[in-house]
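The values are calculated or read from the model by the stated rules, or taken from the named source; none is laboratory data. In this text the structure is predicted, and so the values were computed from the model without any measurement. Cβ: placed from backbone, ideal geometry, glycine included. Neighbour counts: every protein chain shown. These accessible areas exclude ligands, DNA and RNA; they are computed on the full protein's heavy atoms, side chains included. Shrake-Rupley method; radii C 1.70, N 1.55, O 1.52, S 1.80 Å.
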Amino acid sequence: MQAATPVPGGGSSPNAVSPAGNGSNLPAEELDDLTPEQLAAQWEEEKPPAAGALANVASSLVVIGVGVGAVVLSIAMGLGTPSAPQPGLWPFMISCVLAALGLFQLVMGRRNRDAEKFTRMSVAALTGLVTLAAMVALMPLIGFELPALVLCIIWMRFLGGETWRSTLLVSALVVATFYGIFVLALNTSIPHLF
């Protein structure tokens, strides 16, 4: 009886895929057999193209603009002092950090080659932001339950690709848990419908 020779990490097995493999068409068994180098090469091949210097500058300017705008709004709310803070103090500090990070990215980001171009997948982030803003706007009007339920459904089903069964079950559980914690247990002043 002859012992089989072990094959390290799929490197020389007949099912091994070259670093220029065919991406997501691989069965799960073959993905498990890839070496870290083969996986890295596959990910490098599948990633979106680099954004370029102009996109880095534009994104840095957007972050700086948001930071400066938030600084102005937080000053309008009043800063107070560290011993007697007013509502704008913490947003002011965070906004200053945001603006400083945007400035740092503007100066140092010219050498950054990790930024990716906007693709169709970038719409998912925008959708997430818009739906979150809609939930925040609707909460004072109709409570948090229905907007949170719709938000969870959109994020899980349409952005996350979950099945309808898991989407509806998890969304209902999330809203019920938040209701139980913030309305029943803590008795907070969060707007609620029921």
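Computed from point charges on the beta carbon alone (+1 for Lys and Arg, -1 for Asp and Glu), the dipole magnitude for segment 80-194 about its Cα centre is near 440 Debye. For segment 38-163, just run the numbers: alpha carbon Rg, then divide by 2.2 N^0.38 Å, N being how many residues it has. Working it through for segment 38-163, the quotient is 1.39. Putting +1 on Lys and Arg Cβ atoms and -1 on Asp and Glu Cβ atoms, find which of Thr167, Ala185, Ala99 reaches farthest to the positive end of the dipole of segment 95-187. Value: Ala99.
When only alpha carbons of segment 113-194 are considered, Rg and Dmax amount to 15.1, 50 Å.
What segment 51-194 shows is 69 Å² of accessible area per residue, with the surface traced by a 1.4 Å probe over protein heavy atoms.
Highest mean first, what order results for 89-99, 38-48 on Cβ atoms within 10 Å?
Highest to lowest by the protection proxy: 89-99, 38-48.
For Gly80, nonlocal amide neighbours, meaning residues 5 or more places apart or on other chains whose placed amide H falls under 5 Å from its own, are Gln86. 3J(HN,Hα) along segment 146-160: 5, x, 5, 5, 5, 4, 4, 5, 5, 5, 6, 7, 8, 8, x Hz, from the Karplus curve 6.51 cos²θ - 1.76 cosθ + 1.60 with θ = phi - 60°, whole Hz, x for Gly and Pro.
Highest mean packing comes first when the peptides 77-84, 154-161 are listed by Cβ atoms within 10 Å, giving 154-161, 77-84.
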